[in-house]
Amino acid sequence: DPELIESSIRIYQHIKTRKLLTERDLRHRMIEQIYMTILKNRLMDKSLSDSSYERVLYFQDRLTEYDGVFYLEAKVKNNQFTECFKDIFLEYERLKRYGVLESEVKEARKSLLDYSKTSDIEQKTKKSEVFANQYILKSLDKSIMFSPHSYNKLCRK
C-alpha cells in the first residue's frame, strides 16, 4: 500500500510460567527475562546490518490475564514480511540450539539491574497510579509482587 507509512509485525509468545509466589519463582522469571533480552539484543544488532527489519521491541503484554505472554515487534523494511519472520525465527532457533555467550548474559543482567534501579527511583517520583494498578493485578491472580526496591535488591544478588 503506497499510503502505508510504516509496517510492522508482532509475534506473541506464551511462556508457561508459574505464579510468582516465592523469591525462587522471581529468580526463575529473571532468568527468562535475561534470555529474552539476549534475543532482543541479537535481533537489534542484526537490524543495524542489511536485514529485513529495523527497530525491534520486546514487551510483556499487559492486556492479558496471563503473566507469561510477551510480544516481539519489528518494523518491517520494504514490505519484506516473510523474510522478517524467517530472520526472527532463525535467530530464535540459533539461541535455542547454540546457547548464549557469557558476555551476552553479563550485558543482559546489567540491563535488568539498570531497569530495576530506574524502577526504584521512579517509584519515589512517579504518580502511584501505575504501581497501584500493578499491585491490584497481582492481587487478583493471587501471586506476589515485589516492590521496585525489593526487586532491585534481588537483581543485585
Linear extension gain, L57 paired with K117, 0.36 nm per residue minus alpha-carbon span: 19.5 nm
Extension gain from K86 to H14, taking 0.36 nm per residue of separation minus the Cα-Cα distance: 24.0 nm
Of K77/K124; K46/K117; K96/K117, pairs whose Cα-Cα distance is over 32 Å: K77/K124
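No lab work stands behind these numbers, since they all come straight from the coordinates. Note that the structure is predicted; figures quoted are calculated from it, not measured.
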